[in-house]
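Taken together, the values in this text are just the output of simple stated rules run on the coordinates, not laboratory data. All values derive from a computational prediction rather than experimental measurement. FYI the Cβ positions are ideal-geometry reconstructions off the backbone, even for glycines, and counts take in every protein chain you see.
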Amino acid sequence: MTPSTDPHDIPAPQPTLSPATWRGDLGGALGDLGTLLPFLVGFIVLAGVHPTSILLAFGLSLITVGWRLGIPFPVQPMKAVGAAALASAAVAGQNMQAVLALAALITGVFWLIAAWSGLARWLARHVSRDGIHGVVLGLGIALIVAGLRRIEGDLLLGAASVVLALVLLGRGGWLTMPVLMALGWAVGNWRQPELLQALASAPWTLQLPAPQWPALNQPGVWFAAIGLAAAQIPLTFGNAILGIVAETRRLFPAVALDENRAARGTGLMNLMAGGLGAPPMCFGAGGMAAQVACGARTGRAPIFLGSVLLLAGLFASGQLTALLGLLPAGTLGAMLFVAGFSLTIGTAGSSRDKEARAVLLTTAAVSVWNAGVGVVVGVVLEAGLRARVMRI
């Protein structure tokens, strides 16, 4: 098996990407909406997060990463935090927006410390290439499974959307998300015409974010926020640090991105989100794979999407909320499926021996459940195989 040197120093086959085009970047900007939209709608509708707060946080973050890195770099909700908050399991009876905003501030402080101390890079050096690819593969499978679960409740539209997406992906990809969203909105309007009426009647006025500073001293808010932030840390390390760095080096090897820089960006982004009253955010390997698969090649993709979210947050948060609610489950499931499919095929290359395959597949299997635990399992398994304590 490959010796445990720095996994990032091991060259890997680089894909050949098509040239950058404006239409590709505009189409690819919509590629990550399958992950973003379900949480965006859930935070606004179920958790009571002010639309302007969350839209401004995502918009500003997307514009910043697109400008700074110059590549299609995704910004996503933190999934463990979002799942717990939307299920109300960890924050029952609390001001959910205040809890989420405080969780973002705590998350920001943690990842800034991890970046400035070198902890993120030190941890990453102990995870092999097979472990990293296993995390990416597991996240891709998890997205596919999440997509199929949504499609299960809207089978005809979901199956048709997946087939249509795969056909469009084979023809350049840039039309994939625009066509899926247009189809979804058409079906959603037919099923729920009252939502379109709500969209037309929503007022166009300047909206300001709703900071949560006064609510942070409420009983129980700190306890709930610390619990949410702590539960997310392992998953963020696996997906938003290791995964996004590996995917960036695979797709855009000329971009100078390491684990410390990714951790620093995650920290600063969450301090800003918490200040605006928004939930925690992170980067995501699946989002990059989806954007690239749909045609994105430059930072214009996140800048375009970020600008739309920023303007919508300031002037049309009500309209966007109604528009997002119009998309059926089958459409959202197909978007998640495309993101997961694009991520999994990126780990298919390079030959491996039996032990390396064991590390890859075991890490992937656990990462489907939790990427952070997947990292730990992969490291332990590889160390045991290398020391001959474990045998396969």
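Taken as Cα centroids, the range 272-303 and the range 144-198 sit 21 Å apart, rounded to the nearest whole angstrom.
Using the Karplus relation 6.51 cos²θ - 1.76 cosθ + 1.60 with θ = phi - 60°, the per-residue 3J(HN,Hα) values for the range 73-78 come to 10, x, 10, 10, x, 6 Hz, with x marking Gly and Pro. Out of V245, V380, V292, any idea which swings most in a Gaussian network model of the chain, alpha carbons joined below 10 Å? The residue that fluctuates most here is V380. Relative to its residue count, the range 231-329 spans a Cα convex hull of 135 Å³ per residue. Classification of the range 275-319 by its C-alpha gyration tensor yields an oblate form. The axis ratio a/c (a ≥ b ≥ c) is 1.5 or more, and b/c is at least a/b. Summing Lys and Arg as +1 and Asp and Glu as -1 over all other residues whose Cβ lies under 15 Å from the Cβ of G24 gives a net charge of +2.
Here r is the Cβ-Cβ distance between A383 and L208 and R0 is 45 Å; the resulting FRET efficiency, rounded to 0.05, is 0.30. Annotation: amide H-H contacts under 5 Å for C282 (H modelled 1.01 Å from N, sequence separation of 5 or more, or interchain): Q76, M78. Binning the alpha carbon pair distances of the range 274-392 at 5 angstrom intervals from zero yields the distribution 2, 8, 11, 15, 17, 14, 11, 8, 6, 4, 2, 1, 0, expressed in whole percent.
For E194, E382, the sequence from fewest to most other C-beta atoms within 10 Å is E194, E382. For a label point 7 Å from the Cα of I345 along Cα→C-beta, name the residues of the range 123-141 whose backbone N is under 18 Å from it. In the range 123-141, the label zone of I345 (backbone N under 18 Å from the point 7 Å along Cα→Cβ) covers 136-141. The ellipsoid equivalent to the alpha-carbon distribution of the chain has semi-axes of 32, 25, 19 angstrom, derived from the gyration tensor eigenvalues as √(5λ) and listed largest first.
Look at the alpha carbon pairs under 8 Å that are at least 6 residues apart: their mean separation over the length of the range 232-292 gives a relative contact order of 42 percent. Between I244, M181, V380, the Cα set farthest toward the positive side of the dipole of the chain (charges on each charged residue's Cβ, about the Cα centre) is that of V380. The trypsin sites (Lys or Arg not before Pro) of the range 286-392 that DSSP puts in a loop, and whose beta carbon has at most 10 other beta carbons within 10 Å, are R388, R391. Under the criterion of Cα pairs below 8 Å and six or more residues apart, the relative contact order for the chain equals 41 percent.
For a label point 7 angstrom out from the Cα of D353 toward its Cβ, which stretches of the range 125-155 have the backbone nitrogen within less than 17 Å? Residues 128-131 qualify, since their backbone N sits under 17 Å from the label point. Given the options G138, G118, G147, state which has the largest fluctuation in a GNM of the chain using a 10 Å cut-off (strictly under) for Cα springs. Checking each option, the largest mean-square fluctuation is seen for G118. For G277, the amide hydrogen comes within under 5 Å of the amide hydrogens of Q212, counting only partners 5 or more places away or on other chains and with H modelled in the peptide plane. In the chain, which helices (entire DSSP H runs) extend 15 Å or more along their own long axis, judged by Cα positions, while averaging at least -0.5 on the Kyte-Doolittle scale? Length and hydropathy pass: 33-45, 51-69, 96-116, 129-152, 155-169, 176-191, 221-236, 259-276, 300-315, 329-344, 354-369, 371-386.
Taking S161, S117, S61 as the candidate residues, the one with maximal mean-square fluctuation in a Gaussian network model of the chain, Cα springs under 10 Å, is S117.
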